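The structure appears right after this line, and notes come after that.
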Amino acid sequence: MELKKFLAEKGVGTALVSVFGAIETASKIVQGEVSRAGLGADIFGAKGSENIQGEEQQKLDVYADECFIKEFRACGQVAGLASEEQDNALQFDESLNGDYIIMIDPLDGSSNIDVNVAIGTIFAIYKRISDNGSELEDGDFLQAGKHQVAAGYVNYSVSTQLVLSTGNGTHIFTLDPKSGEYRLINENVQFPADGKVYSINEVNLDDFDDNLKRYAQHCKDKRKADGKRMYTGRYIGSLVADFHRNLLKGGIYVYPATVDSPKGKLRLLYECNPMSFLAVNAGGKGSDGTQDILEIEPTELHQRCPFYVGSPVMMDEAIG
Ligand code: AHG
Ligand code: MN
Ligand code: MN
């Protein structure tokens, strides 16, 4: 079933369907550009600029950001947007009557662009709090994750897949290159309750708190009845790709506070919140190690937080 038909059958209103239409269009454009990378399309490499978080921007970071902003602006239903690549939140004056606010990581996994490894786009969708037709306020953007009306990601990989939730299950679509349509391939995907994979950048092991050190050791030590190891490590370095594998196979992804990133590396509003929303809607869990991600009241647009997400049994073991 095609994306628009699926959303209509789920009772999603036309305004939100139109927001998904913008995501569909922009992601196909980005996918086209990604698939031509390396063919002299000049999309590899650094842009020569930094974002507000002091991270070097890649050309594809900026290209994807521009693409998504253009489509969200054009759809007429989005009043404003905050992006990893934009210093400040944007207000779309031409759609001040729009109901929706977007949080976006336009290109997740920037370090993997030039080496042909899976990358993604992550988005969260909220309803505005301020009155339609008025200027947007900080509170429109700084909403707790539990108020998301929808979230999702696009995984540009072996195939391009869109994984989304409108608060009623998490669903996977694959982009059919022949028809150019996203087709439903997995409705109500469920995180396996338990799993074998732990995804963590272990170079930071010395920085982990005692509980996480204990859990990492537990993953290394635990054996099955036949003496073989219970767990295996898999870490791609693109949150989208690591999360996607764990969603299908069962596993846990952790990016804790480290000496280099004392508050954690990942951003609450456009990485942790949408991924937690998708996880919870698939029977998984998302936490900062002490509380549910979706309960955190944000104070800053580019706020970082420690992040644990995955299969519920593994999450319980890791967080204790
Ligand atoms: P982004 O490319 O949007 O900045 O995100 C990169 C994030 C995430 O996707 C990934 O899991 C993590 O950074 C990898 O960080 P390390 O290289 O420090 O492990
Ligand atoms: Mn990211
Ligand atoms: Mn990014």
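Quick rundown of the values:
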| quantity | calculated |
| --- | --- |
| Most mobile of PRO274, PRO177, PRO192 in a GNM of the chain (Cα contacts under 10 Å) | PRO177 |
| Segment 84-142, dipole about Cα centre (Lys/Arg Cβ +1, Asp/Glu Cβ -1), debye to the nearest 20 | 280 debye |
| Straight-distance crosslink candidates among lysines, where the alpha carbon sits under 17 Å from LYS224 and sequence neighbours closer than 8 are dropped | LYS196 |
| Over the chain - Rg/Rh using Cα atoms and the Kirkwood inverse-distance radius | 0.96 |
| Over segment 3-186: Rg over Rh, Cα atoms, Kirkwood Rh | 0.96 |
| Rounded to whole Å, sorted largest first: equivalent-ellipsoid semi-axes of segment 123-228, Cα gyration tensor | 36, 25, 13 |
| Exposure of SER238 as accessible area (Å², to 10), given a probe of 1.4 Å and all protein chains | 0 Å² |
| Restricting segment 163-260 to GluC sites (Glu not before Pro) in coil, as DSSP defines it, with at most 14 other Cβ within 10 Å | GLU187 |
| Residue among TYR126, PHE72, VAL158 farthest towards the positive dipole end of segment 3-186, charges placed on Cβ | VAL158 |
| In Å², nearest 10: area of TYR156 left accessible to a 1.4 Å probe | 10 Å² |
| Relative intensity, log₁₀ I(q)/I(0), of segment 197-319 from a Debye sum that treats every alpha carbon as a point, q = 0.12, 0.19 Å⁻¹ | -0.40, -1.02 |
| Residues whose placed amide H lies under 5 Å from that of ALA150, excluding near-sequence neighbours | ILE125 |
| Pairwise FRET efficiency - VAL62 versus VAL158, Cβ, R0 = 25 Å, nearest 0.05 | 0.50 |
| Where labels lie 7 Å past Cα in the beta-carbon direction, separation of VAL313 and ASP176 in nm | 3.7 nm |
| Pairs beyond 25 Å (Cα-Cα), from LYS47/LYS127; LYS59/LYS265; LYS4/LYS249; LYS59/LYS178; LYS146/LYS222; LYS228/LYS265 | LYS47/LYS127; LYS4/LYS249; LYS59/LYS178; LYS146/LYS222; LYS228/LYS265 |
| Surface share of carbon and sulfur [accessible, 1.4 angstrom probe, percent] for the chain | 47 percent |
| For the chain, built as a Gaussian network whose Cα springs stay under 10 Å, the top-fluctuating residue of SER35, SER165, SER18 | SER35 |
| Residues of the chain: accessible area per residue with a 1.4 Å probe, Å² | 42 Å² |
| Over the chain: helical MRE at 222 nm, DSSP H runs n ≥ 4 each giving -39500 (n - 2.57), nearest 500 | -8500 deg cm²/dmol |
| Cα centroid of segment 12-37 to Cα centroid of segment 269-320, whole Å | 25 Å |
| Sorted peptide list for 24-33, 87-96, criterion being average Cβ within 10 angstrom, highest first | 24-33, 87-96 |
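The values are calculated or read from the model by the stated rules, or taken from the named source; none is laboratory data. Owing to the predicted nature of the structure, the values given are computational and were not obtained by experimental measurement. In this analysis, Cβ positions are derived from the backbone assuming ideal geometry, glycine residues included, and neighbour counts consider all displayed protein chains. Each accessible area value is taken on the protein alone, full model and side chains, heavy atoms only, with ligands, DNA and RNA left out. Shrake-Rupley method; radii C 1.70, N 1.55, O 1.52, S 1.80 Å.
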